[in-house]
Amino acid sequence: MKRLIYDQLLEWKNTDQGRHAVLIEGARRVGKSYITNDFGNDNYASYLTIDFSATTDEIRDLFYNYLDHLDDFFHLLTNYYQVKLFHRQSLIIFDEVQHFPRAREAIKRLVADGRYDYIETGSLISIKQNVKDILIPSEERKLTMRPMNFQEFCLATNNQMLWEYICDCFAQKKSLTPPMHRRAMNVFRQYLIVGGLPQAVAAFIKSQDYTLVDHEKRAILDLYRNDISKFSDSIRFKVEKIFDDIPSQLQRHEKKFNLADIDYNARLREYDDAFYWLLDAGLINIAYNTTEPNLGLNLAKDDRYFKCYLFDTGLLLAMTFNEKEIAREEIYKKILFNKLEFNQGMIMENLIAQMLRSSGHHLFFYVKHDRGDNNENMEVDFLLSKNVITNKHNIIPIEVKTGVRYTYKSLRKFSQKYQQFVTKPIIIHQNDLQIDNGILYLPAYMAELL
């Protein structure tokens, strides 16, 4: 499977010339180990992988006893793994490095030695807990790996030409034409159901069977729940409650996370650590309300008013429809043919949040309720900042719509009230691209191109 992070690794190899190691962080099961081994095989004369989740005491002892004698260190390492290493032509991979922080600390000496390149992988769910007694090397560059985005899904499912056509139409701001739009929406709905975790995507490519895909997704959810039990310590109960309650929270019209649904007497300060744990683990995406849609959305964010999305929409769908297997299969079929009447808005909004995060955006929204003045009541799903900042008109308001008929009063009111800050508003919908009355109507499959 083609992953876009591969190109970032290639740029690092060609430009860094061994001055830094790369640490690839991300939730479990996003494909970190696969891509590093693939990269090593393609771009080096040889590569060696140390999997610290299953390595032996002999290898661990090398990092305690031989870092002051690197000739001996590499001699013993290569003989143990029976891999020949070549000066400046070989890669050493520290896989699941969070299980052995001593190896991460050793990166400083190994990079200074300069013989080989180094890539580390670590699951966010535990890597930040295992650094208490080590010195984090400054010779380490971090890359974040997320679930496969829609572009990667198109490449994996042999739809590369379709994706290129989508990009061309987006660049020219023109429609795809009805036949191509229908095809693009069909692939997009497949992505919505399957999600972006490689294990689920691989099952879909191999079988085209959504029931088998669902089994893979539920196995991954079980893995995450086991990790929560294992690593979240004293806040385990709170983390579990938040994680399992995400679907019901997103079902609500006002998608702000309401702790009272978990515990009537709950206070945010009591759950802060649980939200931060899930965010650090890479399992959720959080969007914050901004009280002033001006330059620097982060400066005006309200930490108390936020929306919590699951990091992968395929998993969200599996959590939402947790009924009998036959019922789930029928549900997926109806979603594929766009025949299911349910709160699609929460699924689509979660997917758009996922796509925007995959493009590097931080998530913000705008909501205001004024009982005294109805004209002040507004809810705008997402706010983005333009790439190139100017004196004014830097904020892009976005509304996500799922039905054929819809209104956009909040978007109009918001654009009017903050017209000095707002550039062309966007409605993300299930129809083809068009521009009308100053609004860009964008098909959902183009969201990550923003």
Members of the range 182-200 that are in contact with a strand residue (DSSP E or B) (Cβ under 9 Å, 6 or more places away or on another chain) and either under 12 Å from Thr313 (Cβ atoms) or at pLDDT below 95 (or both): Phe188
All positions within the range 79-113 that are in contact with a His (Cβ under 8 Å, 6 or more places away or on another chain) and without any contact (Cβ under 8 Å) to a residue 40 or more places away in the chain: none
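Please work out if Ile205 is under 12 Å from Leu315 (Cα atoms) and either within 23 Å of the chain's Cα centre (by Cα) or of a type in the set (Phe, Trp, Tyr) (or both).
Numbers: under 12 Å from Leu315 (Cα atoms): no; either within 23 Å of the chain's Cα centre (by Cα) or of a type in the set (Phe, Trp, Tyr) (or both): yes.
When the stated conditions are applied, Ile205 does not pass them.
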Phe170 being closer than 19 Å to Ile347 by Cβ and among the aromatic types (Phe, Trp, Tyr): no
Close pairs (7 angstrom Cβ cut-off, 6 or more residues apart or separate chains): in the same structural domain as Ile193 (by TED's automatic domain parsing) in the range 350-367, polar (S, T, N, Q) and not in a strand (DSSP E or B) anywhere: Asn350/Thr313; Leu351/Thr313; Gln354/Thr313; Met355/Asn149; Ser358/Asn149; His362/Asn298
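If a residue has to be of a type in the set (S, T, N, Q), over 17 Å from Arg146 (Cα atoms) and buried (at least 16 other Cβ atoms within 10 Å of the Cβ) to count, how many in the range 22-73 make the cut? Before you say what the answer is, go through the steps one by one.
From the range 22-73, those of a type in the set (S, T, N, Q) are 33, 36-37, 41, 43, 46, 49, 53, 55-56, 65; that's our starting set.
Applying the additional criterion that residues be over 17 Å from Arg146 (Cα atoms) yields 37, 41, 43, 46, 49, 53, 55-56, 65.
Now narrow it down to the ones that are buried (at least 16 other Cβ atoms within 10 Å of the Cβ): 37, 43, 46, 49, 55.
Number satisfying all stated conditions: 5.
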Where Tyr264 falls short, out of the listed (1) more than 21 Å from Phe365 (Cβ to Cβ); (2) aromatic (Phe, Trp, Tyr); (3) part of a helix (DSSP H, G or I): (3)
Residue count, the range 267-315 (criterion: in a helix (DSSP H, G or I) and touching a Pro at 6+ places or on another chain (Cβ under 6 Å)): 0
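For residues in the range 257-302 being of a type in the set (Asp, Glu) and modelled with pLDDT of 85 or more, which is farthest from Gly196 (Cα to Cα)?
As a first pass, look at the range 257-302 and keep what is of a type in the set (Asp, Glu): 261, 263, 270, 272-273, 280, 292, 302.
Retained after the next criterion (residues that are modelled with pLDDT of 85 or more): 270, 272-273, 280, 302.
Numbers: Glu270: 32, Asp272: 28, Asp273: 27, Asp280: 19, Asp302: 30 Å.
So the residue we want is Glu270.
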Residues (aliphatic (A, V, I, L, M) and free of Cβ contacts under 8 Å to residues at least 40 places away in the same chain) located in the range 133-174: Ile134, Leu135, Ile136, Met161, Leu162, Ala171
Residues of the range 6-31 satisfying the condition of being among the hydroxyl-bearing types (Ser, Thr, Tyr) and touching a residue at least 40 places away in the same chain (Cβ under 8 Å): none
Any pair with Cβ under 9 angstrom, 6 or more apart, that starts in the range 175-192 at a residue that is without any contact (Cβ under 8 Å) to a residue 60 or more places away in the chain and over 12 Å from Leu351 (Cβ atoms) and ends at one that is of a type in the set (Val, Ile, Thr) and assigned to a helix (DSSP H, G or I): Met180/Ile166
Failed item, numbered, when His393 is tested on (1) within 18 Å of Phe150 (Cβ to Cβ); (2) in a loop (DSSP other than H, G, I, E, B); (3) not hydrophobic (A, V, I, L, M, F, W, C): (1)
Set Val22, Val111, Val83: member being of a type in the set (Val, Ile, Thr) and under 26 Å from the mean Cα position of the chain (by Cα): Val22
Residue list for the range 413-438, filter: surrounded by 17 or more Cβ atoms within 10 Å (Cβ to Cβ), more than 28 Å from the chain's Cα centre (by Cα) and either not assigned by TED's automatic domain parsing to the domain that holds Glu349 or not basic (Lys, Arg) (or both): Phe414, Ser415, Tyr418, Phe421
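The values are calculated or read from the model by the stated rules, or taken from the named source; none is laboratory data. What you are looking at is a predicted structure, and each value in this text was computed from that prediction instead of being measured. Every residue, glycine among them, receives a Cβ derived from its backbone with ideal geometry; neighbour counts consider all protein chains shown.
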